[in-house]
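J.: The structure under discussion is supplied below as structure tokens; questions concerning it will follow.
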Amino acid sequence: MSTRQFGQPIKRNEDPRLLTGRALFTDDVQLAGMLHVAFLRGDLAHARIRSIDVDGARQSPGVAAVYTADDLGDYWQPGPLLVPPPPVEQIEFYQRTQVPLAKEKVCHAGEAVAMVVAESRYLAEDALDGIFVDYEPLDAVVDLESALAEDAPLVHDDLGHNVNARVTQAKGNWLQAEAEADLIIRRRFSYDRGTAAAMENRGIVANWDAKSQHMTIWDTTQAPIAIRNGLAAMLGLSEHQVRVIAPFIGGGFGPKIMMFYPEEVLLAWATMQLGRPLKWIEDREENFYATTQERGQVHDATMALKADGTILGVKDVFLHDAGAYAPYGLTVPVSSQCTLLGPYVVKNYHSEFTSVFTNKPIVTPYRGAGRQHGVFVMERLLDIAAKELATDPIAIRRKNYIQPEQFPYANDIVFQDFTQLVYDSGNYGPALDRALDLVGYEAFVREEQPKRQAEGERVGIGVVSYVEGTGIGPYEGARVTVESSGKVSVATGIGTQGQGHYTSFAQVIADQIGVKVSDIHIVTGDTDLFYWGAGTFASRGAVVAGNAMHAAATKVREKILKLAGEKLEVAEEDLELVEGRVQVKGVPQTSISLGQLAVEANPMRGGVKPGTEPGLEATEYFGPERGATASGVHAVILRVDPETFNLEIEKYVVVHDCGKVINPLILDGQIQGGVAQGIGNAYYEQLHFDENGALLNASLMDYLLPTAPDVPNIVSDHIVTPSPLNPLGVKGAGEAGAIPVGALFAQALDSAFSDIGLEVREIPLSPNRLFELVGAASAGANV
Amino acid sequence: MEQTISVSVNGRQYERSVEPRLLLSDFLRHEIGLSGTHVGCEHGVCGACTVLMDSAAVRSCLLFAVQANGRDVTTVEGLDGGHEELHPIQHGFWEKHGLQCGFCTPGILMTLVPFLEENPDPTEDEIREVLSGNICRCTGYQKIVEAVQLSARLIKEKPA
């Protein structure tokens, strides 16, 4: 057996195409006769539509069609509910999902009102000026608490209120914990909206070929199979008549799995109306309104503790901003609810949330997907408790950690995948020790920080822990084929947005089949090449599809050995797979190449034994019993510029446990990129809506993404606690970097301003906001 | 209304009749089919559309195609000498995992070409500074910095 590929820092198979500009992204698709689409979007967040006059647009040069809601007839339907409410007792749930084009009123700024199809994108955009919409402006629902007031304006008039859902989950007995507590910490925490801002905006090309009765759609989606199934149903087509291709995608981060975006529904329909291929490419401004967002929540949280720092219980009551529609069900707030518990023993927990409709863009999961909020609340409560108890923030965490012998650890509540929240594995103490060591905790707090603070610097340290449910079901599949060239082709249903699947999956397969990683060609996200699957989300690609790859490759290996044993007339156990050949152990001259074997497995003449499948191919599926539990510790030392309140991150440490690591190079990249997004979320990125629901910073000039000078080098290390729930022992890692950064910054800033008693209770911050908070803390006031 | 322009792109001369308002990025991507240049924001912030015009890094979304008339443009497709051999910067990025989704990558590579010509031994701070006009949402920049450091070494080692 050659060197094991699993675990090696192998450079990526996909990179040469990306580096030379020869990878196909959606906007690169060019078809003969293609028309271009532009959308007129509501510039008010909440307004009744009195009338729409599109005559001017219809007469505009190069325009092929203009559509409003009325033109869609029966095709105009609210989108499906993607995730039903979780199986929790006494849940209240009111379903309102997005519509293809606004009909009676617009419910958030940027909601599509009309669609123009023209010979070029320039002409389509020109024609938008010829559409006149007569709006009656309505008061907007922006603030979460005000949304629940008796006299609040209504996002959905027929509902009679702005509640999307109310969910309570509890375990143990919170009231008793509260009664027995030596210390009660009670605070309000808020977390506000940001946007994923993938560098590639969304885009769709839809081509209905009337002669072949076949639809091809290129879509920047994270879930091509679900898009195919849904669009086929909406259009009255067989799933076999629709091919959805998710080609190279310029970043996903969650919003590209929202289904069904109005543009997806409309382009697929309009290409059938017009008989010509259509392309729509979102521009950056549209992306700020029409692509989903996340993170608005307000938590009223209480923690009960014993004097020695033991957590007796937590009560958390929170509001979740669903935006104008809630197609993704309760995935985000349920994740907040579950992730709050973290790596700690919390015997008594009462969590209730109200998901609220607002006149703001739709909320669906964005990298972390509600986990940030839970971690922020829990970690802040512990920090505040540590201060009250005059213990240190490390000791209180360590005291409450779930111990290695307690796994699997049942939390007795329901997770976002609808299974019980049970942690499969974990080992938190060593991760904490390693992080403290790498950040130099003792030396910093004992010597460096007091010295530098005395010299007038503002330097702080933070160390936080988190647990992340990853790799949830239901399942994914893979088909592995040895071709007559001896190379291996592979297909799976999930899409790829930069995670390195073409390489990490190849590593898993290479170990079974004994070929070079670079000789394995993987296709993701083409529904004609693989029919079944769910999609790329919830840090599940490596776990679920990765294990399907392993299963299929193992099966192909069995076929190879069986056939080679017959051909070479040796026992299978005497054979080994080495560099594209099957050979007799110790007798490499007695061998057969995989390519030759593939030809033999697909004979042109002669009989085969009944029941024999042709080829060296296998299709296998993997579905975990439940998600794998990743965890980690982040630590930071940061300095606040006393004049500008800009931050200098002097040291950033991540110690992460995602089980066995397939490719450490790719893993480090995922962690580093996640942290950069977390830093943006914590200190730069906030969507500012005014009282009318207008978005005030809808451009990259005003919404600040972290740039190279803003993001530090990250020191990372790994603790490996293999997941017992899958054969590869892997856990997801895609979201981990982004999750705890808000909590981490809050602790470090409190530390830098401990003399004035700063207590950060909100994220995102900014230099301005920190300046205000520090000023207020100095004056002993709340702002 | 349309104007005829003649632009050299990657050493090949293109003559086209274009509207004056046509962006250079759209000209490259859609008129002459060089879609390796990506468009991320269309307001000059993200840097994905960066190309070389007369050897200087410019944002093709902030230029009209007519402004490239008579000029010499190089896009990412021109970096590897037409499939012949990866440019040392491309090698650096491949070796160090300096890209994930790869969407911002062409603009970053083109930003670096003149930078590394002028600064064959850049410090980390200088690298981060020159990259500050290119947004990458995937990598956190750390491996991009490592890739640039390796690229600088590879350029020096490359036989002239």
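The values are calculated or read from the model by the stated rules, or taken from the named source; none is laboratory data. All values derive from a computational prediction rather than experimental measurement. Because the Cβ atoms are built from the backbone with ideal geometry, glycine has one as well, and the counts that use them run over all protein chains shown.
J.: Of all the residues that make up region A:62-108, how many are of a type in the set (Phe, Trp, Tyr), in a loop (DSSP other than H, G, I, E, B) and within 22 Å of A:Val363 (Cβ to Cβ)?
T.: Within region A:62-108, residues that are of a type in the set (Phe, Trp, Tyr), in a loop (DSSP other than H, G, I, E, B) and within 22 Å of A:Val363 (Cβ to Cβ) number 1.
J.: In region B:27-55, which residue that is more than 10 Å from chain A (Cβ to nearest Cβ), surrounded by fewer than 24 Cβ atoms within 10 Å (Cβ to Cβ) and not β-branched (Val, Ile, Thr) is farthest from B:Ile135 (Cα to Cα)?
T.: If we take residues in region B:27-55 being more than 10 Å from chain A (Cβ to nearest Cβ), surrounded by fewer than 24 Cβ atoms within 10 Å (Cβ to Cβ) and not β-branched (Val, Ile, Thr), then B:Glu31 is farthest from B:Ile135 (Cα to Cα).
J.: Answer with yes or no whether B:Arg16 is surrounded by 21 or more Cβ atoms within 10 Å (Cβ to Cβ), at pLDDT 95 or above and outside any loop (DSSP other than H, G, I, E, B). Give the steps one after another, and end with the answer.
T.: Working: surrounded by 21 or more Cβ atoms within 10 Å (Cβ to Cβ): no; at pLDDT 95 or above: yes; outside any loop (DSSP other than H, G, I, E, B): yes.
No.
J.: Can you find even one residue in region A:196-212 that is acidic (Asp, Glu) and part of a strand (DSSP E or B)?
T.: yes
J.: Quick check: anything in region A:658-675 part of a loop (DSSP other than H, G, I, E, B) and at the interface with chain B (Cβ under 8 Å from one of its Cβ atoms)?
T.: Looking for residues that are part of a loop (DSSP other than H, G, I, E, B) and at the interface with chain B (Cβ under 8 Å from one of its Cβ atoms), one finds none in region A:658-675, hence no.
J.: Go through A:Ala23, A:Ala38 for me and flag whichever is touching a Lys or Arg at 6+ places or on another chain (Cβ under 8 Å), at pLDDT 95 or above, within 14 Å of chain B (Cβ to nearest Cβ) and part of a strand (DSSP E or B).
T.: A:Ala38
J.: Which pairs turn up if I take residues in region A:447-469 that are charged (D, E, K, R) and look for partners that are part of a strand (DSSP E or B) with beta carbon separation below 6 Å, at least 6 apart in sequence or on another chain?
T.: These pairs meet every condition: A:Arg452/A:Val459; A:Arg458/A:Val640; A:Glu468/A:Ala630.
J.: Evaluate the following for B:Ser60: is it surrounded by 15 or more Cβ atoms within 10 Å (Cβ to Cβ), within 27 Å of A:Gly251 (Cα to Cα), free of Cβ contacts under 8 Å to residues at least 12 places away in the same chain and not hydrophobic (A, V, I, L, M, F, W, C)?
T.: When the stated conditions are applied, B:Ser60 does not pass them.
J.: A further question on this structure: Output the number of residues of region A:516-570 satisfying the condition of being within 19 Å of A:Lys660 (Cα to Cα) and basic (Lys, Arg).
T.: Going residue by residue through region A:516-570, those that are within 19 Å of A:Lys660 (Cα to Cα) are A:517, A:538-551, A:553-554.
Restricting the remaining residues to those that are basic (Lys, Arg) gives A:540.
Final tally of qualifying residues: 1.
J.: Here is a further query. Go through region A:26-35 residue by residue and tally those that are in a loop (DSSP other than H, G, I, E, B) and either touching a helix residue (DSSP H, G or I) at 6+ places or on another chain (Cβ under 8 Å) or closer than 19 Å to B:Ile108 by Cα (or both).
T.: First, pick out the residues of region A:26-35 that are in a loop (DSSP other than H, G, I, E, B): A:29-34.
In the following step, the residues that additionally are either touching a helix residue (DSSP H, G or I) at 6+ places or on another chain (Cβ under 8 Å) or closer than 19 Å to B:Ile108 by Cα (or both) were identified as A:30.
Looking only at that region, the number is 1.
J.: A follow-up question, please. Consider region A:682-728. How many of its residues are more than 29 Å from A:Val463 (Cα to Cα), in contact with a helix residue (DSSP H, G or I) (Cβ under 7 Å, 6 or more places away or on another chain) and assigned to a loop (DSSP other than H, G, I, E, B)?
T.: 6
J.: Here is a follow-up. In region A:314-367, what count of residues is obtained for those that are of a type in the set (D, E, K, R) and more than 16 Å from A:Asn164 (Cα to Cα)?
T.: Of the residues in that region, 4 qualify.
J.: Out of the residues in region B:96-108 meeting the condition of being assigned to a helix (DSSP H, G or I) and over 21 Å from A:Pro712 (Cα atoms), tell me which one is farthest from the other protein chains (Cβ to nearest Cβ).
T.: Our first condition is that a residue be assigned to a helix (DSSP H, G or I); within region B:96-108, this holds for B:105-108.
Now drop any that are not over 21 Å from A:Pro712 (Cα atoms), which leaves B:106-107.
On the way: B:Pro106: 5, B:Gly107: 9 Å.
For region B:96-108, the residue satisfying everything is B:Gly107.
J.: Suppose we filter A:Thr354, A:Thr391 for residues that are touching a residue at least 12 places away in the same chain (Cβ under 8 Å), in a strand (DSSP E or B) and not assigned by TED's automatic domain parsing to the domain that holds A:Thr97; which single one remains?
T.: It is A:Thr354.
J.: Would you mind telling me which numbered condition in (1) out of contact with any Phe, Trp or Tyr (no Cβ under 7 Å at 6 or more places or on another chain); (2) of a type in the set (Lys, Arg); (3) part of a loop (DSSP other than H, G, I, E, B) B:Arg21 fails?
T.: B:Arg21 satisfies every listed condition except (1).
J.: Restricting to region B:81-95, name every residue that is among the charged types (D, E, K, R) and either touching a strand residue (DSSP E or B) at 6+ places or on another chain (Cβ under 9 Å) or more than 9 Å from chain A (Cβ to nearest Cβ) (or both).
T.: Selection gives B:Glu84, B:Glu85.
J.: Can you tell me which of (1) surrounded by 21 or more Cβ atoms within 10 Å (Cβ to Cβ); (2) in a strand (DSSP E or B); (3) touching a His at 6+ places or on another chain (Cβ under 6 Å) is the one A:Gln169 doesn't meet?
T.: Just one mismatch for A:Gln169, condition (3).
Residues checked against (1) at positive phi; (2) without any contact (Cβ under 8 Å) to a residue 40 or more places away in the chain:
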{"position": "B:Val51", "(1), (2)": "no, no"}
{"position": "B:Ser55", "(1), (2)": "yes, no"}
{"position": "B:Arg71", "(1), (2)": "no, no"}
{"position": "B:Glu77", "(1), (2)": "no, no"}
{"position": "B:Glu84", "(1), (2)": "no, yes"}
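J.: Then there is this: Is it the case, given these coordinates, that A:Met258 is at pLDDT 95 or above and not acidic (Asp, Glu)?
T.: Details: at pLDDT 95 or above: no; not acidic (Asp, Glu): yes.
The answer is no for A:Met258.
J.: Just one of the numbered conditions (1) buried (at least 22 other Cβ atoms within 10 Å of the Cβ); (2) in a strand (DSSP E or B) is not true of A:Thr302; which one?
T.: For A:Thr302, the exception is condition (1).
J.: Go through region B:131-144 and give me each residue that's buried (at least 22 other Cβ atoms within 10 Å of the Cβ) and in a helix (DSSP H, G or I).
T.: Passing the criteria: B:Leu131, B:Gln142, B:Lys143, B:Ile144.
J.: Still on this structure: Kindly establish whether B:Pro114 is more than 7 Å from chain A (Cβ to nearest Cβ), at negative phi, assigned to a helix (DSSP H, G or I) and touching a residue at least 12 places away in the same chain (Cβ under 8 Å).
T.: Taking the combined requirement at face value, the residue satisfies it.
J.: Of B:Gly140, B:Gly70, B:Gly133, which residue is modelled with pLDDT of 95 or more, over 22 Å from A:Arg22 (Cβ atoms) and assigned by TED's automatic domain parsing to the domain that holds B:Tyr14?
T.: Exactly one residue qualifies, and that residue is B:Gly70.
J.: Another question, then. Out of curiosity, is A:Pro333 buried (at least 24 other Cβ atoms within 10 Å of the Cβ), assigned to a loop (DSSP other than H, G, I, E, B) and in contact with a strand residue (DSSP E or B) (Cβ under 8 Å, 6 or more places away or on another chain)?
T.: no
J.: Just to verify a result, which residue in region A:469-523, among those that are closer than 24 Å to A:Ile671 by Cα and surrounded by fewer than 24 Cβ atoms within 10 Å (Cβ to Cβ), is farthest from the chain's Cα centre (by Cα)?
T.: So the residue we want is A:Val517.
J.: Considering A:Pro9, A:Pro16, A:Pro86, which residue is within 30 Å of the chain's Cα centre (by Cα), surrounded by 15 or more Cβ atoms within 10 Å (Cβ to Cβ) and within 13 Å of chain B (Cβ to nearest Cβ)?
T.: Within the list A:Pro9, A:Pro16, A:Pro86, the selection yields A:Pro16.
J.: Condition first: more than 28 Å from A:Ala324 (Cβ to Cβ) and either of a type in the set (Ser, Thr, Tyr) or surrounded by fewer than 20 Cβ atoms within 10 Å (Cβ to Cβ) (or both). Now tell me which residues in region A:684-726 satisfy that.
T.: A:Thr707, A:Pro709, A:Asn713, A:Val715, A:Ser716, A:Asp717, A:Val720, A:Thr721, A:Pro722, A:Ser723, A:Pro724
J.: Looking at region A:199-220, which of the residues that are within 14 Å of chain B (Cβ to nearest Cβ) and of a type outside the set (Asp, Glu) is surrounded by the most Cβ atoms within 10 Å (Cβ to Cβ)? Can you show your working first?
T.: In the first step, residues of region A:199-220 are kept if they are within 14 Å of chain B (Cβ to nearest Cβ); the result is A:199-203, A:205, A:218, A:220.
Those left that are additionally of a type outside the set (Asp, Glu): A:199, A:201-203, A:205, A:218, A:220.
Details: A:Met199: 27, A:Asn201: 26, A:Arg202: 24, A:Gly203: 21, A:Val205: 25, A:Trp218: 26, A:Thr220: 29.
The qualifying residue surrounded by the most Cβ atoms within 10 Å (Cβ to Cβ) is A:Thr220.
J.: Shifting gears a bit: Can you give me the number of residues within region A:191-216 that are touching a strand residue (DSSP E or B) at 6+ places or on another chain (Cβ under 6 Å), closer than 18 Å to A:Arg284 by Cα and of a type in the set (Gly, Ala, Ser)?
T.: Within region A:191-216, residues that are touching a strand residue (DSSP E or B) at 6+ places or on another chain (Cβ under 6 Å), closer than 18 Å to A:Arg284 by Cα and of a type in the set (Gly, Ala, Ser) number 1.
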